[in-house]
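Everything below concerns the one structure shown next.
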Amino acid sequence: MMRGMVDIFDMGDRLGPTRIVHVSDPSQGLKGVLVIDNVARGPAIGGLRMAPDVSLEECARLARAMTLKNSAAGLAHGGAKSVLWGDPRMARADKERLLRSFAHALRNEQDYIFGPDMGTDESCMAWIKDEIGRSVGLPAAIGGIPLDEIGATGWGVHHAAEVAAAHAGLSLHGARVAIQGFGAVGRHAARFLAETGARLVAASDTRGTLHLPDGIDVARLMAIKKGGGAVTDYPSGQKQDRESILRVDCDIWIPAARPDVVREENVHLLRTKLVLQGANIPFTPGAERMLHERGVLVVPDFIANAGGVICAAMEYRGATQSQAFAAIEEKIRSNTEAVLKEAARARQLPRDAAVALATARVTEAMGYRRFGMM
Ligand code: NAD
């Protein structure tokens, strides 16, 4: 699980990591690690993952992803990630004790702000806030903004869609939208897009695909899902298996479920003009390139789905919900525009343009730091 010293020193590059902190107290069953990748743009925000099987190398990769995501989102925050080893489903009292001990051990790491990730939730963030005062993704009772309930990421996806539609020669009004996954990201993206005049023609969940070319009533579908039903419980439309969402003839296709759902062997099924990646890494790199070569515009995940992290950064500053929505709108619109313009100019994949933009921002910020302060 843990890697040797040589590997740790081999792991970095020009951007980071700037700091790796191991936490260990065998008497308490406490074992964890924090990787702060880069803080040139400001204190790092990154999730705390609780899992029995994460390597230091993976933690460092996730920390780098946060550096680029926060930079691409235009936030004055660096990137980091922490991992606490253990089963996240352990008894609540044991989990609270471990989390509090981990946070306490990292109390002097002022450059790291904890956020929720796999295995941790808003209660975990509340315990950390109580312990050391530095966490985001809090319960509303202590100043948190419930981002999944209000649809922060879906709001951002919808703004990315408005900007990208112009680049793809589409009008959102009447555009046919298909969404894979009707959870926190997918259902709110559907709601905001429908309010702009787009037509939801298909949606899927783990149980199947609903296809209705005349348009699905989004509020009605949301009510069905809220009541515990499946998208296929909608009273009209064709009911198909869950993979059928890939074949739906549409203008905008939004993956909002799982990683790697579109791969080299099934990418040919997609019949769309524009893709907005609501989920994280929903396409393999090869599939994304193949789609690009077919002339389909793909707005990459860390540009399109940054609404959640922007909301968290705003929460940290004590912002209200409406201030958070305004910041998401402004940042996602300007970043999507910058990335798509540069991708068109340099004839490159939007993802490559986005990574270059994010890296350039970090590099410039590093130029303003004193030597040794990444
Ligand atoms: P969620 O659990 O609320 O919703 C996921 C939905 O996808 C569920 O309805 C589930 O039934 C469905 N699903 C799962 N596997 C599927 C499959 N194979 N086919 C069709 N549907 C399937 O999760 P979420 O918060 O909406 O997150 C979705 C994705 O977006 C994840 O990759 C997540 O990492 C990413 N993401 C989420 C946020 C956020 O703010 N919630 C922000 C950025 C990225």
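Quick notes on this one:
- Residue 219 versus residue 356: modelled label distance in nm, points set 7 Å from Cα along the beta carbon direction: 4.6
- Radius of gyration over Kirkwood radius for the range 262-374, both on Cα atoms: the Rg/Rh ratio is 1.04.
- Note on the chain: with a GNM built from Cα contacts shorter than 10 Å, the maximum mean-square fluctuation among 326, 203, 105 falls on 326.
- Working from label points 7 Å from Cα in the Cα-to-Cβ sense, the residue 108 to residue 347 distance is 5.5 nm.
- Residue-averaged [θ]222 nm for the chain, counting only DSSP H segments that reach four residues, each worth -39500 (n - 2.57): -13000 deg cm²/dmol
- Residue 171-residue 57 FRET efficiency (beta carbon distance; Förster radius 45 Å; 0.05 resolution): 0.50
- Sparse packing (at most 12 other Cβ atoms within 10 Å of the Cβ) combined with a DSSP loop state is found for the following GluC sites (Glu not before Pro) in the range 233-327: 265.
- Those aspartates and glutamates that a straight Cα-Cα span of less than 18 Å connects to residue 129, excepting residues fewer than 8 apart in one chain: 94, 96, 109, 111, 117, 121, 315
- Gyration tensor verdict on the range 106-227 (Cα atoms; rounded if a/c is under 1.5, prolate if a/b is larger than b/c, oblate otherwise): prolate
- Rg followed by Dmax, in Å, when the chain is reduced to its Cα trace: 20.9, 64
- Shape category assigned to the range 152-360 from the gyration tensor of Cα positions, a/c cut at 1.5: oblate
- Percent antiparallel among DSSP beta bridges (both partners in the range 34-162, rounded to 5): 25
- For the range 152-360, the Cβ-based charge dipole about the Cα centre amounts to some 120 debye (Lys, Arg positive; Asp, Glu negative; other atoms uncharged).
The numbers here are math on the coordinates, done by the rules we state, and not lab data. Here the structure is a predicted model, which is why all the values come from computation and not from measurement. We place every Cβ from the backbone using ideal geometry, glycine too, and count neighbours over all the protein chains shown.
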